[in-house]
1. For a quick check: sort Lys104, Lys217 by the number of other beta carbons within 10 angstrom, fewest at the front.
2. Using 1/(1 + (r/R0)^6) with R0 = 25 angstrom and r between the beta carbons of Leu171 and Lys104, what's the FRET efficiency to the nearest 0.05?
3. Give me the Kirkwood hydrodynamic radius of the stretch 70-226 in Å, from all C-alpha pairs, to one decimal place?
4. Taking 0.36 nm per residue of separation and subtracting the Cα-Cα distance, what length does fully extending Arg159 through Lys26 add?
5. What does the C-alpha gyration tensor say about the overall shape of the stretch 130-215? Classify as rounded when a/c is under 1.5, otherwise prolate if a/b is larger than b/c, or oblate.
6. At 0.36 nm per residue, minus the direct Cα-Cα distance, what do Val34 and Glu88 gain on full extension? Give it in nm, one decimal, please.
7. I want to check the label-to-label distance for Met118 and Ala210. Put each point 7 Å from Cα in the C-beta direction and report it in nm to one decimal.
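What follows draws every value from the coordinates through simple rules; no lab data is involved. Note that this is a predicted model, so its numbers are computed, not measured. Virtual Cβ from ideal backbone geometry, glycine too; neighbours counted across all protein chains shown.
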Amino acid sequence: MENNSNQEQLRELPENANAGAGSILKSALALGLVVVLGVSLLTLVHHFTKARIADQEQRAVLQQLQQIIPAGHYDNNLHSDFYTFEDESAFPQGQTVTAYRARKQSQPVAVILRFAAMDGYNGRIDLLAGINTAGQLTGVRVTAHKETPGLGDGIEVERSDWILAFNGASLQLPAPERWAVRKDGGDFDQMTGATITPRAVVNAVRRALAYFAAHQKELFDTPSELASDLASDPASDLQQPATQ
C-alpha cells in the first residue's frame with residue numbers, strides 16, 4: 001500500500017509542477033498587460049497634457065501679438081503668416097526665432113519677432129518685439145522668464161510699465177550709444193535691485209532692431225511656413241483681427 005501511495009504522489013508531482021508553472025505564467029502575463037496598459041495610459045495623458053499646454057501657450061502668445069499690433073492695423077492671419085530662422089550674431093545660443101508678419105491689403109505693416117534674451121539674471125527671457133516698416137518698435141512684451149519675483153519680474157507689463165518705454169523707439173531714437181540702461185550710460189531705466197535683467201532685455205531688443213534693419217525685405221518676403229492646428233481651429237477667436 002505504501003508503495004502505491006508513493007507512486008501516486010510521484011505521478012502528481014509533474015501535474016502540480018505544470019499547474020504551478022501555468023499559474024505563474026498567467027500572473028506574469030496579467031502583470032505585463034497591466035504594465036503595458038499603464039504605460040500606454042501615461043503616454044496618452046502626457047501627449048494630451050503637452051498638447052493642451054502648448055495650445056494655452058500659443059493662445060497667450062496670440063493675445064500678446066494683438067497687444068503689440070492693434071487689430072485694426074492689419075487684416076491678415078498673424079498666426080499663419082510666419083516663418084522661423086536662426087541667426088547666431090543677432091539671436092545667440094542657437095535660438096529659433098519666429099517672425100510673424102502683419103499686412104493690410106497685402107501690404108507690409110509690421111513684423112513681430114519672437115526671440116529671447118539669453119543672459120537674464122536667471123537665464124532665458126522670452127520676448128515679442130513688434131517693428132513697423134519705418135523701423136520703429138510698436139511694442140515689446142515678455143512671454144516667459146525665471147527672474148526674481150519682486151525684482152526682475154518688473155519686466156512684465158502686468159507688474160510695471162517699464163516695458164512700455166520701448167514703444168516708438170528705433171535704432172536712431174534713442175541714439176545708438178544711448179541704447180543701454182542708465183547705469184551703463186543709456187536712456188532705459190533699470191529696476192531697484194535689478195540691473196542684469198533690464199540690461200539683457202534692452203540689448204536683445206536692440207539686436208532685434210538691427211536685424212530688422214538689415215533684413216527687412218527678407219522678413220516680409222520669405223514664404224510662410226505651415227500653420228499649426230490652432231490656425232485652423234474654428235473655435236479660436238484669436239486668428240483674425242476684429243472688424244472695425
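1. In increasing order of surrounding Cβ atoms, one gets Lys217, Lys104.
2. Efficiency, rounded to the nearest 0.05: 0.55.
3. The answer is 15.9 Å.
4. In short, 41.8 nm is gained.
5. prolate
6. 14.6 nm
7. 1.5 nm
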